[in-house]
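The structure under discussion appears below in the form of structure tokens.
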Amino acid sequence: MLTVARKHDTTETNNRCEEKKMDGSKGLETLSAEVRKFISTPKKILIDGQWVNSKSGETFEVYNPATGEVIAHAQSSNKEDVDLAVKAARRAFDDHSVWRKMLPSERGRIVSRIGDLILKYADELAQLESLDNGKPISVARAADVVLSADLFHYMSGFATKLEGQTLALSVPFTPGAEYHAYTKREPIGVVGQIIPWNFPLLMAAWKLGPALTCGCTIVLKPAEETPLTAIRLGEICMEAGLPNGVLNIVTGFGETTGAPLAGHPGVDKVAFTGSTEVGKLIVKAASNDLKKLSLELGGKSPNIILNDADLERTIPGAASAIFFNGGQCCAAGSRLYIQEGVYDEVIEGIAKYAKAMKIGPGLDPTTELGPMVSQIQMEKVTGYITSGKDEGASAASGGGRHGNEGYFVQPTVMVNTKDTMKVVQEEIFGPVVVATKFKDLDDELVRRANDSVFGLASGIWTQDISKAHKLAGRIRAGTVWVNCYNIFDASMPFGGFKQSGWGREMGAAVLNNYLENKSVCVML
Ligand code: NAI
Ligand code: MG
């Protein structure tokens, strides 16, 4: 349903953009020659090592969210293309002569080379990401691209360390028998990976890095809003020496590309990042043949500020917890709980920070807040702001759309909120934070912080280490940041409690998503 709605939106936007030129369009002057060439060449899908058109020949338009202009065309893959991609991945997995036979050290070197090449092409990737998603180029360079390279480098070392155990059996019904028993960790098989648009390159890295390290084969589906860096990453993977068929990439829409991938009988496991609604659809699609699943879904993360917090650090920290990436961040610190002694000062400080943010196209190096990724997302976010106001909340800063071109939303701090309001309960996925006051650090605060169907992340700001650690133990979330926020590292597992998902990304924990345990029991 969601996807159909977006397709309508896309068509409307198409009509509006029909007259506009593609190259040399506003704001694109800073693009390098490589990026210009990349976007002006019709994009293809990757099947069995070859870049090909979709069978139907249908394409879809890719937009610059800062202007609404068409910047590129990508293949609209359907069931038939997905089937070819899965079959290629299946062959590459079931055939034991190439990928499965490769020495773990060589597999690790390929994964590491992917990291090296991401750094080599860092500038190009940052430009593409900023253009396609709208995020500030400074952020794409410093965070998305570098973290993506790091992830491949970090994961590559595990290729030679996927170890099992030897077991000392005590079988009671075979008196006198001796055994040699051990466990092995083996790749789970063909993996379908479906990723979102908020961190297109990084989400591809989070998924591909561990799956390749574990020796799986893959069909990757980027989000229809942002297919460009995943396609470029596919080229990079092939340049790094990945054998044909190990990585296949199909671009297209959720219902026509994602759904057939999630339900395909040739897929052993699906890894998904995106909305909780679609996460539930993926669970249904996978239930036919009980595919393994990992899900990284939504969040509505509490960010708790105590009276003793160092406000010089806390105010910019809590502001960027929500405004980073335009709030289009599953971990965004979107529910602020501020102790009453510092409430006024914190609200004033965050509102001031919000008002001073430089809003503009991602490619402008001075931009601090880019556009929302799409018209649909902008309308969703402004709709929430209106709903908050209708229910009695007010805006201490922002409160609506910014400008009338592109998909910009003002960074907004909502006050006078109540815990039952939609803006407090639901994921907005935009630069909108809801703030409330609390009196004491007690069970009631913990109850309110945990009063969410989600449990992805959380923040605590205090100088009292006992309070920090006690509270960290009581928040039901996969990550607790203390005196910092949105700190991600390849070594640190990330994922959700409750409806925020199943399984963890990154760290050694992610390997469980892509490995099966096998017990081998030998009677001697
Ligand atoms: P979405 O969940 O529809 O999209 C994520 C991916 O799933 C995309 O690649 C999409 O093509 C694919 N998809 C959509 N329908 C599918 C289906 N039936 N079967 C298989 N794959 C399917 O998210 P959307 O519509 O882009 O955004 C809606 C809301 O979801 C956002 O406003 C935000 O609240 C949340 N979201 C959360 C993300 C996260 O990181 N946890 C990322 C993106 C969105
Ligand atoms: Mg959707």
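For this structure, a couple of remarks:
- Tally of residues being within 16 Å of ligand 2 (Cβ to nearest atom) and either part of a helix (DSSP H, G or I) or not polar (S, T, N, Q) (or both) across the range 223-254: 7
- Evaluating I385 against the criteria (1) in contact with a strand residue (DSSP E or B) (Cβ under 7 Å, 6 or more places away or on another chain); (2) buried (at least 20 other Cβ atoms within 10 Å of the Cβ); (3) under 25 Å from A143 (Cα atoms) leaves one unmet condition, (3).
- Scope the range 193-248; condition in contact with a Pro (Cβ under 9 Å, 6 or more places away or on another chain), closer than 20 Å to T276 by Cβ and of a type in the set (A, V, I, L, M, F, W, C); matching residues: I194, I195, W197, M203, A223
- Some residue of the range 186-209 being of a type outside the set (D, E, K, R), closer than 20 Å to I110 by Cα, within 16 Å of ligand 2 (Cβ to nearest atom) and open to solvent by less than 20 Å² (accessible area, probe 1.4 Å): yes
- Applying the condition of being more than 10 Å from I71 (Cβ to Cβ) and in a loop (DSSP other than H, G, I, E, B) to the range 28-48 and asking which residue is least open to solvent (accessible area, probe 1.4 Å) yields K43.
- Residue check for E379: open to solvent by less than 60 Å² (accessible area, probe 1.4 Å), more than 18 Å from Y353 (Cα to Cα), within 16 Å of ligand 2 (Cβ to nearest atom) and charged (D, E, K, R): no
Quick grid of which residues meet (1) out of contact with any Gly (no Cβ under 6 Å at 6 or more places or on another chain); (2) more than 20 Å from W197 (Cα to Cα); (3) open to solvent by 10 Å² or more (accessible area, probe 1.4 Å); (4) at pLDDT 95 or above:
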| site | (1), (2), (3), (4) |
| --- | --- |
| T226 | yes, no, no, yes |
| E239 | yes, yes, yes, yes |
| P243 | yes, yes, yes, yes |
| L247 | yes, no, no, yes |
| D268 | no, yes, yes, yes |
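- A single entry from K21, K43 fulfils the requirement of being at pLDDT below 95 and closer than 25 Å to G406 by Cβ: K21.
- Sub-7 Å Cβ pairs linking a first residue in the range 351-364 that is more than 20 Å from A142 (Cβ to Cβ) and open to solvent by less than 20 Å² (accessible area, probe 1.4 Å) to a second residue that is of a type outside the set (A, V, I, L, M) and part of a loop (DSSP other than H, G, I, E, B), at least 6 apart or interchain, are A354/G398; A354/P411, ordered by first then second residue.
- Test: K87 is assigned to a loop (DSSP other than H, G, I, E, B), surrounded by fewer than 21 Cβ atoms within 10 Å (Cβ to Cβ) and either within 16 Å of ligand 1 (Cβ to nearest atom) or at pLDDT 95 or above (or both): no
- Number of the exception - F272 against (1) crowded, with 24+ Cβ neighbours inside 10 Å; (2) farther than 30 Å from T160 by Cα; (3) within 16 Å of ligand 2 (Cβ to nearest atom); (4) of a type in the set (A, V, I, L, M, F, W, C): (2)
- Residues in the range 285-321 that are within 11 Å of ligand 1 (Cβ to nearest atom) and closer than 20 Å to I188 by Cα: A285, A286, L295, E296.
- Residues (over 11 Å from V415 (Cα atoms) and either of a type in the set (G, A, S) or in a strand (DSSP E or B) (or both)) located in the range 339-353: Q339, G341, G349
- Some residue of the range 266-282 being in a loop (DSSP other than H, G, I, E, B), free of Cβ contacts under 8 Å to residues at least 60 places away in the same chain and under 24 Å from K300 (Cα atoms): no
- The set of residues in the range 275-321 that are among the acidic types (D, E) and either within 30 Å of A351 (Cα to Cα) or open to solvent by 10 Å² or more (accessible area, probe 1.4 Å) (or both) comprises E277, D289, D308, D310, E312.
The values are calculated or read from the model by the stated rules, or taken from the named source; none is laboratory data. Since the model is a prediction, treat every value here as computed from it, not as a measurement. Here the Cβ is made from the backbone with ideal geometry for all residues, glycine too, and neighbour counts use every protein chain on show. SASA here: full protein model, heavy atoms, side chains in, ligands and nucleic acids out. Shrake-Rupley method; radii C 1.70, N 1.55, O 1.52, S 1.80 Å.
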